[in-house]
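K.L.:
This structure is in structure tokens; I'll ask about it shortly.
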Amino acid sequence: MKNFLWLNHSFNSFLRQIVERAMQRINLSHFRKKALQYRPVFRRFLTRLEKNPPIGLNKLAAEADRNLWKDIDCLSCANCCKTMSPTYSATDIRRISHFLGIKQKEFIKKWLIKDLDGDWINKSLPCQFLDLKTNKCSVYEVRPKDCAGFPHHNKRPMVEYMDTFKQNIELCPATFKMVQSMKTSLESGVGSRESAF
Ligand code: SF4
Ligand code: SF4
């Protein structure tokens, strides 16, 4: 039993190493340069999709999304948590305060402000719950619903979320890759898994 467990453990760790090696570590400074360069082209592409959505757009987006996560390693990035704030619903605030063992009022006073739309957002960035050494979220199990759904690639119908993607192509390497892959597929009929950063 002991040996089996050890073999099982080493096999799992071997598999994990293979998966980690296959994933791209994200170089954020390289990504920012690339995003700046491609932003106008990708935005125009998304505007075209918005005005004239092709048949099967949702399916194409789903496929691009499914493929990109084989390469993207969010723990080497965390750019969303560093550069954007989630919105916190009343339920999020209740759940996270309870998890942290503090009162909701205290939670709000310490970390949140209301934005122009009246939504609760972080007072400062990077997010106070991000561990900058590991890029891990310290409230991951109870994180805001907005964080759990990010980068919102599965929102439907996709055509109604083009503004979100237009904004996120320069902030989220995963969204950049999804748009890049969809553009390549639609324009050449061939899917792209080429490295973007
Ligand atoms: S969701 Fe996007 S921005 Fe956030 S960590 Fe993953 S790749 Fe980076
Ligand atoms: S709550 Fe967690 S997942 Fe959400 S922005 Fe903060 S660190 Fe990132």
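K.L.:
Looking at the range 93-107, is at least one residue at positive phi and touching a Pro at 6+ places or on another chain (Cβ under 9 Å)?
P.N.:
No, there is no match, as no residue in the range 93-107 is at positive phi and touching a Pro at 6+ places or on another chain (Cβ under 9 Å).
K.L.:
Taking interchain pairs and intrachain pairs at least six residues apart, which have beta carbon atoms under 6 angstrom, with the first residue in the range 157-171 and charged (D, E, K, R) and the second at pLDDT 95 or above?
P.N.:
Qualifying pairs under 6 Å: 166/43; 166/46; 170/35; 170/39.
K.L.:
To continue, here is another question. Out of all the residues in the range 131-155, which are among the aromatic types (Phe, Trp, Tyr) and either part of a loop (DSSP other than H, G, I, E, B) or in contact (Cβ under 8 Å) with a residue 60 or more places away in the chain (or both)?
P.N.:
150
K.L.:
Can you name the residue in the range 115-128 that is within 9 Å of ligand 2 (Cβ to nearest atom) and either free of Cβ contacts under 8 Å to residues at least 40 places away in the same chain or in contact with a Leu (Cβ under 8 Å, 6 or more places away or on another chain) (or both) and is also farthest from residue 100 (Cα to Cα) among such residues?
P.N.:
126
K.L.:
Determine whether the range 148-161 contains at least one residue that is among the hydroxyl-bearing types (Ser, Thr, Tyr) and either under 19 Å from the mean Cα position of the chain (by Cα) or in the same structural domain as residue 51 (by TED's automatic domain parsing) (or both).
P.N.:
yes
K.L.:
Follow-up. Go through (1) buried (at least 19 other Cβ atoms within 10 Å of the Cβ); (2) assigned to a loop (DSSP other than H, G, I, E, B); (3) among the β-branched types (Val, Ile, Thr) and name the single condition residue 175 misses.
P.N.:
Every condition holds for residue 175 apart from (2).
K.L.:
Next question. Can you pull out the residues in the range 59-76 that are out of contact with any helix residue (DSSP H, G or I) (no Cβ under 6 Å at 6 or more places or on another chain) and either touching a residue at least 12 places away in the same chain (Cβ under 8 Å) or within 14 Å of ligand 2 (Cβ to nearest atom) (or both)?
P.N.:
62, 63, 67, 69, 70, 71, 73, 74, 75, 76
K.L.:
OK, next. May I ask you to verify whether residue 43 is within 30 Å of residue 187 (Cβ to Cβ), in contact with a helix residue (DSSP H, G or I) (Cβ under 7 Å, 6 or more places away or on another chain), of a type in the set (Lys, Arg) and in contact (Cβ under 8 Å) with a residue 12 or more places away in the chain?
P.N.:
yes
The values are calculated or read from the model by the stated rules, or taken from the named source; none is laboratory data. No experiment lies behind these values; they were computed from the predicted model shown. Neighbour counts are summed over all protein chains in view; Cβ atoms, including those assigned to glycine, are modelled from backbone coordinates with ideal geometry.
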